[in-house]
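**Student:** The structure that follows is given in the form of structure tokens.
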Amino acid sequence: MKQVASDKMPTCQSSDFHYEYTECDSEGGRWRVSVPKPGTCEGGAPNPPVRGKDCSFTCSSGQFLDLNDNQECRPCPAGTYSLGGGVRFDDWDKLPDGFSVSTEGLDNTMLWHKSAKDSEVNCTKYSWRSHGAYIYSLPGSCTATLTFSTKLVKAGHVTFEYQYVDPETIFHFIVQNDQCQASEDENSSRWPEATEEGKWSSVTVDLKTGMNVLQWRVIGALSDMVGAQKPVFIRKIEVTGVAFTSQCTKCRNGTYSSGGTAFCAPCDANKYSAHGATQCEPCKANEYSEIGSAFCKPRPPCTQYDYYEFQTPCDAKKQSSCQHQPAACPPCNPGMHPVNNSCEFCPEGQYSDGALECRPCPASTSPEYGIDYKWWTTLPPNVTSHCIALGMNKCSESAGWQPAGDHIKTNFGPNDRNVFLVMSAYVAGFRGEPSTAEGKPTVLADVRFTFEVNCSADCELLFVTDSSGKNTIVQSWVGTVHRQEYVYKIHSNDPVTLSWAFQPISYEDVMESSPAAEDGQYVDPDTNLCKECPADTVLPSSNSWGKESCKACGDGLKAVNKRVCKSDCHFTDKAGRHYDFTPLDGVQYVQGGRLFTASGTLYYHGFNITLCNVKNDKLPTCLNNVTSDPQMLNLPGKVSAMICRATMIPQTDPKKPLVSTQPVSLATHLTKIVSNVSLAEMYKLEGFNAEVTDLDVHFYYKSEIPTMACPEGRTTIISLSCDPDEKANNSIQLPPKCADGTCDGCTFHFLWKTVHACPRCTRNDYEVVRGECVGGEQYIHYYPPSFCMPASDDDLKPMKQKCQMIPFAIMVAIPVTLGVGLILILLLIYCWSRNKKLEYKYSKLVESSGGRDGELPGVESCGMEEGEEEESVHFADSKGPRLLQKIRLKISGIKNKDEDNPFIAVQMHEKLPLT
């Protein structure tokens, strides 16, 4: 607004004035006076004051007091609302007028001690913040206070809706006067109880006439020890007893009003509205919106995973269809009859088996009243189903209890995470009067239901009633439960609501509590028919589309009933070594290192671990004993998982039990088992000995629950290392450099040294030592290496076998020596024989040369003349008689006829002379 100097302001005209009430006087009255708009004009002729309405006067809801006319209540215009004598705050796009926020460090009380370091803590991030539909505060090492001051003209009350699920957070509401003094009324100071995940609760406190200062305080009591905690939410604050309202409040985004209302209605799905809307606008064809949306979102193309099973109601031909497959409608339930393609209860005094129309009971008989649901084509008239999302999540439209013919089952959408489903049946009452017999209450009726629970991970089914005036858990079942009947006795004739709640405690896949779920089958998108998944794959839902929905098990795991991948605690690596970990498959407790807060408070983390859970026993549970009052559908602080962790705080009095708090899940399921994989770098980083790690067996676990620090969830690795000296099963070590079990906050690692991590030795693994040969026998000893264990004691017994007295080396040397000697003798004889023949031939040639001594005859020609016949001179066989033959002739004295004649036959050419 443009400001002008007072000496230049124009004179106020009648249109420049508006009416306001003065403060109430001692008589409870007030005046209506004309007030000019600030900074626009001065002077002028204001209207004379008029006595106004009494200070206690307020308009009805949906109206406002028109001060500019005759001080009468008028309906709120469209797009606005009014409480009349109250005010409501549910639009938190910004902090509304009248509210203030403050933060401060913690005092020297309880567990906190202020130091120089503490005084430097930035409390800004722990302040109350507006976020559209709610206001929230993140607990931390500071106190965050939300304050609202209001003056009541008559006694009223304040009601606020809140949600906070962390029992370790301190949440306090207090009412003070204008002197900051607490009211003497005990009701003015409240410690709201922790709520369930995803559920809002409300607190109402009476207020007195006069000034009231309302304060909401949040303190992160153990934030130094347990890390990030969950926020405290407030979504609506309503105060009554305030003075009139001269104008109505505009509807917030996503709501609308047609005028004259005390509230604004939320827009339907696929519609939206802006601030102060009189109606909701539809989204475009390619957009969508949820209930109470301020804008539309682009509608993505549907995928095969967005479809879910739905059975249509019966038509006039008594036909229904599911996944385009027609089926005959079942009859109505006993005591009901068909009416306009649905079933309704028979009138009083009539009966029916469900297949026929209702008929009057015969004379002298009366109907046996009861409710018997055998067929589930639609939800019966007195049965409702709804989904509750944990935290600020939302349920999908497909989440809920779904009729399926002869049973009803739970169904989760593909994107449903951290939600649970509730089915409630309201019974208006029972016949008979409560009484006792033999000191026990008489049973007026009973509730019988047959059920079965199939879970791929940990889950819980709760049966709840409100017969005691508040919701009470009657019975609960954890994990997979075989088909059985449960009976609950009714001792009162009062109306009662019976509820069944199914909650996946550790969410792994979409789970169904349905006995007809077809595990290991997927829907073929081309034919809409169910087909079997390939071998060694799992599919824990019958509503998954496409073959790719079938998931293969990880290394070392096996498919169990085509639904879940598990380990039987036996493992064989790629080298054929076999491991038996069944002696380790129990709940193990591991205590982390001693840690201290900035103020010196001692705490440590305790881990509960199960390796395989072969017997499907109850999973390890980490408890929170700070809050001992379990509430409906949620047991605060109780976490069951294959690996869970809790923060343990010793008390100063050793007789008091440990404080166990902040339980979290570190592993919901086992993903794979591997060996022959080196994690040397991880071992070094964490401070473990990384010299020999190749033979360690590593169990990999996963928790899909996201956190602020780990949006993809947490991973846990248990490495089993062979140590023949570790006979016990509890030698589990945390990383020396990361006493909390993790070095990055998202990957936890445990090293388990045990004799059971040593594989069975094969025959080739043993070291063989042969004993001395004594008396023709010797012992053979087998010694196992350090990396394996003998399969049995018999494998280590020495074996006796026959042996030779002569050393083996000598036995081998003898035949080798004889063979070499014989070969040398034969070579010597051969050489002597060849040399002898050459010498003889040479001497004959010399004798026949006729020349001088020592000269050979000259060669006249090396060729033959034309026409000559080949003449040849045959010498005696160059080899001569064999050596043995000659020896025999010499011995016998017979002279060889060719012995002195070197020529056997001589053919002389006629041209050659004889000399």
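**Student:** Quick check, is GLY776 surrounded by 13 or more Cβ atoms within 10 Å (Cβ to Cβ) and in contact (Cβ under 8 Å) with a residue 12 or more places away in the chain?
**Tutor:** Values: surrounded by 13 or more Cβ atoms within 10 Å (Cβ to Cβ): no; in contact (Cβ under 8 Å) with a residue 12 or more places away in the chain: yes.
Answer is no for this residue.
**Student:** May I pose another question? Looking at (1) within 20 Å of ASN253 (Cβ to Cβ); (2) modelled with pLDDT of 85 or more, which is the only condition GLN63 fails?
**Tutor:** Only one criterion in (1) within 20 Å of ASN253 (Cβ to Cβ); (2) modelled with pLDDT of 85 or more is unmet by GLN63, namely (1).
**Student:** Residues to consider are LYS656, LYS727; find the one that is farther than 27 Å from VAL614 by Cα, assigned by the TED database to the domain that holds ASN616 and over 17 Å from the mean Cα position of the chain (by Cα).
**Tutor:** LYS656
**Student:** Taking the conditions exactly as written (modelled with pLDDT under 85 and either out of contact with any Leu (no Cβ under 7 Å at 6 or more places or on another chain) or open to solvent by 10 Å² or more (accessible area, probe 1.4 Å) (or both)), does THR169 satisfy them or not?
**Tutor:** yes
**Student:** Another question, then. Residues being loosely packed, with under 12 Cβ neighbours inside 10 Å and either farther than 21 Å from LEU529 by Cα or at pLDDT below 70 (or both): count how many of those fall in region 320-330.
**Tutor:** Of the residues in that region, 2 qualify.
**Student:** Taking the condition of being open to solvent by 10 Å² or more (accessible area, probe 1.4 Å) and under 19 Å from the mean Cα position of the chain (by Cα), how many residues in region 591-609 meet it?
**Tutor:** Here the count works out to 1.
**Student:** Still on this structure, I have one more. Filter region 86-101 down to the residues that are farther than 21 Å from LEU152 by Cα and modelled with pLDDT of 90 or more and list them by number.
**Tutor:** Across region 86-101, the qualifying residue is only VAL101.
**Student:** Considering only residues that are among the aromatic types (Phe, Trp, Tyr), in a loop (DSSP other than H, G, I, E, B) and surrounded by fewer than 21 Cβ atoms within 10 Å (Cβ to Cβ), which ones fall in region 237-295?
**Tutor:** Answer for region 237-295, where residues must be among the aromatic types (Phe, Trp, Tyr), in a loop (DSSP other than H, G, I, E, B) and surrounded by fewer than 21 Cβ atoms within 10 Å (Cβ to Cβ): PHE263, PHE295.
**Student:** Could you check how many residues of region 107-133 are at pLDDT 55 or above, touching a strand residue (DSSP E or B) at 6+ places or on another chain (Cβ under 8 Å) and surrounded by fewer than 20 Cβ atoms within 10 Å (Cβ to Cβ)?
**Tutor:** Final tally of qualifying residues: 9.
**Student:** Ok, one more. Against the condition at pLDDT below 80 and within 30 Å of THR572 (Cβ to Cβ), how does ALA791 come out, does it pass?
**Tutor:** yes
**Student:** Follow-up. Show me the strands (runs of 3 or more DSSP E) entirely contained within region 38-106 in which 1 or more residues are open to solvent by 20 Å² or more (accessible area, probe 1.4 Å) and in contact with a helix residue (DSSP H, G or I) (Cβ under 8 Å, 6 or more places away or on another chain).
**Tutor:** Where strands (runs of 3 or more DSSP E) fall fully within region 38-106 and carry at least 1 residues being open to solvent by 20 Å² or more (accessible area, probe 1.4 Å) and in contact with a helix residue (DSSP H, G or I) (Cβ under 8 Å, 6 or more places away or on another chain), they are 99-105.
**Student:** Do any residues in region 735-757 that are without any contact (Cβ under 8 Å) to a residue 40 or more places away in the chain have Cβ atoms under 6 Å from those of residues that are among the small types (Gly, Ala, Ser), where the two are at least six apart or on different chains, and which pairs are they?
**Tutor:** From residues that are without any contact (Cβ under 8 Å) to a residue 40 or more places away in the chain, the pairs are GLY745/ALA709; LYS753/SER721; LYS753/SER731.
**Student:** Output the strands (runs of 3 or more DSSP E) that fall wholly within region 645-764 and possess 2 or more residues being among the hydroxyl-bearing types (Ser, Thr, Tyr), open to solvent by less than 20 Å² (accessible area, probe 1.4 Å) and modelled with pLDDT of 80 or more, or say none.
**Tutor:** Once the strands (runs of 3 or more DSSP E) in region 645-764 are filtered for at least 2 residues that are among the hydroxyl-bearing types (Ser, Thr, Tyr), open to solvent by less than 20 Å² (accessible area, probe 1.4 Å) and modelled with pLDDT of 80 or more, what remains is 659-667, 697-703, 714-722.
**Student:** Step by step: first the residues of region 437-449, then only those that are β-branched (Val, Ile, Thr) and within 12 Å of SER492 (Cβ to Cβ), then the one that is most open to solvent (accessible area, probe 1.4 Å). Which residue is that?
**Tutor:** Among those residues, the one meeting the criterion is VAL443.
**Student:** Would you be able to say whether some residue in region 301-319 is modelled with pLDDT of 80 or more and over 24 Å from VAL523 (Cβ atoms)?
**Tutor:** no
**Student:** Can you pull out every residue in region 132-179 that is in a strand (DSSP E or B), among the small types (Gly, Ala, Ser) and farther than 29 Å from TYR21 by Cα?
**Tutor:** Once the filter is applied, which keeps residues that are in a strand (DSSP E or B), among the small types (Gly, Ala, Ser) and farther than 29 Å from TYR21 by Cα, region 132-179 yields GLY132, SER137, ALA144.
**Student:** Regarding ASN608, is this residue modelled with pLDDT under 90 and either outside any strand (DSSP E or B) or in the same structural domain as CYS743 (by the TED database) (or both)?
**Tutor:** Judged against the criteria, ASN608 is not a match.
The values are calculated or read from the model by the stated rules, or taken from the named source; none is laboratory data. The shown structure was predicted, so the numbers you read here are calculated from the model rather than taken from an experiment. Methodologically, a virtual Cβ is constructed for each residue, glycine included, from the backbone with ideal geometry; neighbour enumeration extends over all protein chains shown. These accessible areas exclude ligands, DNA and RNA; they are computed on the full protein's heavy atoms, side chains included. Shrake-Rupley method; radii C 1.70, N 1.55, O 1.52, S 1.80 Å.
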